[in-house]
Amino acid sequence: MSAKQKALIIGAGVAGMACAIRLATNGFKVTIFEKNDYPGGKLFVLEKDGYRFDTGPSFFVEPENIEELFDLAGEDIHEYLAYKRIDVACKYFYEDGTVINAYADQEKFAQELEQRTGEPFQHLISYLTESEKIYNDIGNVFLNYSLHQRKTWKQHAILKALISVRPRYIFSTLHEINKKKFGNPHVVQLFDRYATYSGSNPYLAPGMLMLIPHIECNKGVFYPEGGMMSINKALYNLALKKGVVFKLTSPVQRIIENKHKAKGIIVDNQRILGDVVISNADVYFTYNKLLNRNYEAKKILKLERSSSALIFYWGIKKEFPQLNLHNIFFSKDYQSEFNSIFITKAPFDDPTVYINITSKMEKGIHAPKGKENWFVMINVASNMQVSRDEIIMVYKKNILAKLNRILQTDIEPLIEIESVLHPKMVEEETGSYMGALYGTSSNSIKAAFLRHPNFSKDIHGLYFTGGSVHPGGGIPLCLKSAKITADMIMHDYKINKHE
Ligand SMILES: Cc1cc2nc3c(=O)[nH]c(=O)nc-3n(C[C@H](O)[C@H](O)[C@H](O)COP(=O)(O)OP(=O)(O)OC[C@H]3O[C@@H](n4cnc5c(N)ncnc54)[C@H](O)[C@@H]3O)c2cc1C
């Protein structure tokens with residue numbers, strides 16, 4: 001291969017940077033063009049009056065996806081990123097006063113469920129055993145290969161995976177399966193929640209999503225020192241070390257296409273030519289704005305968007321010893337809540353509230369002494385209406401009412417500083433259509449497993465990577481997406497992988 005092959009990447013999200021590292025390690029000359037003046041996309045930080053908040057992702061799982069990148073690049077990850085497994089993955093609060101600690105240790109978690117809800121110990125053990133089996137037999141294969149290439153389907157592993165797909169994983173919803181597996185409604189709700197990891201509705205999403213609890217409950221939840229922003233910094237520094245050039249504040253205006261071949265991009269009205277163009281921008285916007293291909297763009301919208309989020313970043317002038325790093329305050333009527341997110345798209349008066357508090361992990365760094373940094377998030381529709389001030393106020397009132405009830409404290413007077421992130425801001429800041437967090441939802445088997453491919457079927461030399469294409473959103477899947485895309489490029493350009 002000529003060492004001069006030029007790869008142009010649009011967007012410095014997690015997947016854009018990971019793909020850049022892989023290609024640079026394999027001899028490509030890589031330049032990333034990012035519209036913002038910072039890398040990281042949805043993974044960023046907000047600092048205000050002595051408080052710091054990770055603005056986007058907060059659950060860190062499967063660090064092996066990042067470790068693999070550092071191994072490939074011949075660098076010691078520990079020089080870039082420190083992280084540890086946490087003992088309680090998440091603390092769950094219910095309106096009737098029930099509190100459940102989801103311990104990282106399977107037996108301890110099973111005992112906790114039995115003690116707090118009466119759910120027999122063995123139910124959790126057999127559920128997590130099945131979850132692990134689906135992950136190993138099916139998930140691992142579907143998440144690591146392109147499903148849009150004929151050669152994938154000829155592989156023995158894929159055939160084996162297909163054979164192990166039980167009808168109930170396809171024809172039953174995640175909620176239906178959970179209801180069969182557990183007797184206690186609180187436990188069912190706890191495991192229904194995993195549909196939200198792909199921005200989906202457990203009452204519609206296929207039972208196959210039962211593989212997700214394995215990731216969190218068996219493999220564990222991790223905390224990166226310095227917060228999630230440290231992952232962004234680690235990827236950025238590794239990319240720089242491998243010679244990747246970052247052009248920040250450089251929005252790409254067009255992809256140059258000629259006779260079904262991607263020739264380069266237009267930035268600041270300048271033509272920049274390359275051998276390969278990779279879009280880490282949302283695939284809908286890539287077709288709609290960068291290629292002006294409205295037919296393909298509309299086709300993408302046929303698949304439902306994932307949910308979005310409304311987040312309040314609150315500096316709280318008090319410590320709450322009863323809270324943990326990850327906390328969930330469940331709604332009483334989960335099904336109605338998902339109807340409001342995916343069907344009526346209207347505010348729900350009793351939303352499930354997630355609070356992430358990194359000051360629990362590193363005292364004095366994320367919040368002033370004696371105070372806490374609350375990242376308060378609810379799932380909302382990917383819908384611009386949610387971003388209207390008066391609607392945000394309704395959601396805020398509902399969140400405060402819920403927290404006041406469960407924590408038996410008047411929270412509002414404790415809020416020292418406040419910032420908000422709503423779907424319109426997610427769209428403006430990261431280019432995700434309608435502020436969807438994970439591209440498309442997984443509310444049907446087609447949506448879950450047949451997202452847009454990592455390559456263009458029609459434009460040679462154009463590839464895609466990130467949360468809006470296969471295998472999906474969330475940091476682990478975005479890192480897998482980067483691997484699939486980079487491997488495909490290496491194959492297409494006949495490059496022997498450096499491993
Ligand atoms: C509030 C929130 C909470 C989340 N929680 C979690 C979580 O707990 N755990 C988890 O794993 N995941 C979580 N996610 C999802 C996760 O953050 C995303 O899936 C992941 O970060 C997406 O990465 P990406 O590489 O696909 O691209 P993005 O982060 O979307 O980045 C795309 C980049 O492309 C740039 N771009 C777009 N158009 C152009 C253009 N024309 N020219 C140049 N640049 C352009 C954008 O500016 C952006 O930087 C969350 C997301 C949000 C927003």
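Per-structure values
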item	result
In segment 227-265, trypsin sites (Lys or Arg not before Pro) in a DSSP loop with at most 10 other beta-carbon atoms within 10 Å	Lys259
Over segment 372-446, volume per residue of the alpha carbon convex hull, in Å³	131
Rg/Rg_ref, segment 348-499, where Rg_ref = 2.2 N^0.38 Å and atoms are Cα	1.38
If the convex hull is drawn through the Cα atoms of the chain, its volume per residue in Å³	140
Segment 1-130 - Rg over Rh from alpha carbon coordinates, Kirkwood radius	1.13
Kirkwood-type radius of segment 259-335, with distances r between different C-alpha atoms, in Å	17.7
Convex hull volume per residue in cubic angstrom - Cα atoms of segment 186-253	188
Protection-proxy order for peptides 344-353, 374-383, each taking the mean of Cβ atoms within 10 Å per residue, highest first	374-383, 344-353
Local electrostatic count at Asn324 - Lys and Arg +1, Asp and Glu -1, tallied over other residues with Cβ under 9 Å	+2
Spin-label pair Asn144/Leu414, simplified geometry with 7 Å Cα→Cβ offset, distance in nm	4.5
Net charge of neighbours whose Cβ lies under 15 Å from the Cβ of Tyr203, counting Lys and Arg as +1 and Asp and Glu as -1	-2
Accessible-area composition of the chain, carbon plus sulfur, in percent [1.4 Å probe]	51
Modelled FRET efficiency - R0 45 Å, Glu225 with Arg271, Cβ distances, 0.05 increments	0.55
Per residue value of the accessible surface for segment 398-456 (all protein chains in place, 1.4 Å probe), Å²	38
Cα-based equivalent ellipsoid, segment 304-350: semi-axes from gyration tensor eigenvalues, Å	27, 13, 10
Across Lys42/Lys299; Lys219/Lys397; Lys345/Lys402; Lys35/Lys397; Lys84/Lys108; Lys35/Lys480, pairs whose alpha-carbon gap is larger than 29 Å	Lys219/Lys397; Lys35/Lys397
Gap separating the Cα centres of segment 335-371 and segment 429-497, nearest whole Å	28
Residue-span extension gain [Lys84 to Thr129] - 0.36 nm each, minus C-alpha spacing	13.8 nm
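The values are calculated or read from the model by the stated rules, or taken from the named source; none is laboratory data. This structure is a prediction, so every number in the text was calculated from the model and none was measured. Don't worry about glycine lacking a Cβ; one is built from the backbone with ideal geometry, like all the others, and counts go over all protein chains shown. We work out accessible area using only protein heavy atoms, side chains counted, and drop any ligands, DNA or RNA first. Shrake-Rupley method; radii C 1.70, N 1.55, O 1.52, S 1.80 Å.
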